[in-house]
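Structure, as C-alpha cells:
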Amino acid sequence: MRVALQIENVVIQAGACTLTLIPALGGKLSSLRIGSRELLQTPLNPYAPRTHTMAFSEGDASGWDECLPSVAECVVQAQAGPAFIPDHGDLWRIPWEVVSSSSDSATLRAACFSLPLELTRTAILRETTTGWRLSLLYTIANLGPEPIPWAWTAHPLFATDPGDRILLPASVTELRVEGSGANRLGISGSAIPWPVVTLADGSPDDLSVAKSAATGQGDKLFTGKIENAADGWCVLERPIAGMRLTVRFDPAATPYLGLWLCYGGWPGGEGKKQVCVAPEPATAPVDSLAIPGPWARTLAPDATFSWPMELEIDRIELHNEANHP
C-alpha cells in the first residue's frame, strides 16, 4: 500500500510558462506547462516516498530527474571499497535542499548516498521573443577524501503526440543501442543508422517520428562522442502542440546524447506506460558507471566540476515543417 506523501512545491514562472519542482522528491522538475498544456510525462503512479533500493519503475517515473552517479544499477570499485549504485542513481530518491528561490529561479542541492558526491542545480526561466528559455547550471563536488568515479545523465521525459519529430545534427548518422524492447533494434552494443533503420523483418522504421502508445516500443540509444560545439543540440518538433523544444548542451563538458524513445513499451507488466521522448545529455555513452571506457571520469577530493544545459521552448505554427537550429 502506498503511503500518502505531503510535499511542498517550488514554482518559478515566466509569462505563460510555469515550472514546478518538488524538493522532497529528488528535486524533480515535476511539471513544465505552457498555459494549461503539460510538456512533461505525467506520473504513472502517485507520488510516494522512495527507498534507497527500489526500482525506478516502482516510483512515478515522470517529469525530469537527474541521474547520478549512474543510470543503470551497478557496483563500482572506489578506494574505500565496492559501492552499490541503485537503478537511475541516488538523487531521485532523496530530498533536496532548497538553497535559494525567487519568482523565476531556484537553486537546489543534494548529496548522493552511494558515493560522496554532491550536486547543485540552478534553474532560471526567462521569456524570449519566440517563447521561453530554461537555463540550468550544474555543479558536482567531491565531499570525500579520495578520487570518486561518476557519470551524470539528464532525464527529462517530454510528452509526445504521434507524428512529432526528433531532429539531430547532420553529423549524427549512427547510434548505439543501449537497450531495445525485445531486441527489435538489435542487442545492446549494436550500431544502427539514424534516422531510418531496417528491422529484422525487413521493414523500415523512421526513428525520428514519434509513435502511438499502441506500438509498445521502448528503445534507449546513444550518439557517439559529439566533437563540434555547434552540434550540442536535439530538437523535438511538436506540430499538434505548436511547440518546438530544443535541448542544448556543451559537448566539451557533456559530449554524448542519450535518446529514450518510449511509446507504450515501458514499464513492463500491468499499469500505465510512458509515452515520451527523452533527449539526455550525458557524460558517457553507456548507462552503467561500471563499464570502463575513454569516457570514464573521476573527481579529485574537494574538487568541483560545472556544466550547463538549456531548454528552449518556441511557439511554431501548427503543422509547420521542421527546421533545425
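Only the coordinates and a few stated rules stand behind these numbers; no lab work does. Bear in mind the structure is a predicted one, so any value in this text is a computation, not a measurement. Methodologically, a virtual Cβ is constructed for each residue, glycine included, from the backbone with ideal geometry; neighbour enumeration extends over all protein chains shown.
Observations on the model:
- Cβ-derived FRET efficiency at R0 45 Å, S101 paired with E146, nearest 0.05: 0.85
- Overall form of region 10-315 per C-alpha gyration tensor (a/c, 1.5; a/b vs b/c): rounded
- When K211, K28, K272 are sorted by how many other C-beta atoms sit within 10 angstrom of their C-beta, beginning with the fewest, the order is K272, K211, K28.
- Alpha-carbon centroids, region 50-120 and region 135-151: separation in whole Å: 12
- Considering only alpha-carbon pairs that sit under 8 angstrom and 6 or more positions apart, the relative contact order computed for the chain is 18 percent.
- Reported value for region 199-308: 186 Å³ per residue, from the convex hull of its C-alpha atoms.
- Within straight-line reach of K273, meaning a Cα separation under 28 Å, sit the following lysines at least 8 residues removed in sequence or on another chain: K28, K211, K220.
- Farthest toward positive dipole pole in the chain [+1 Lys/Arg, -1 Asp/Glu at C-beta], among T130, I34, L119: I34
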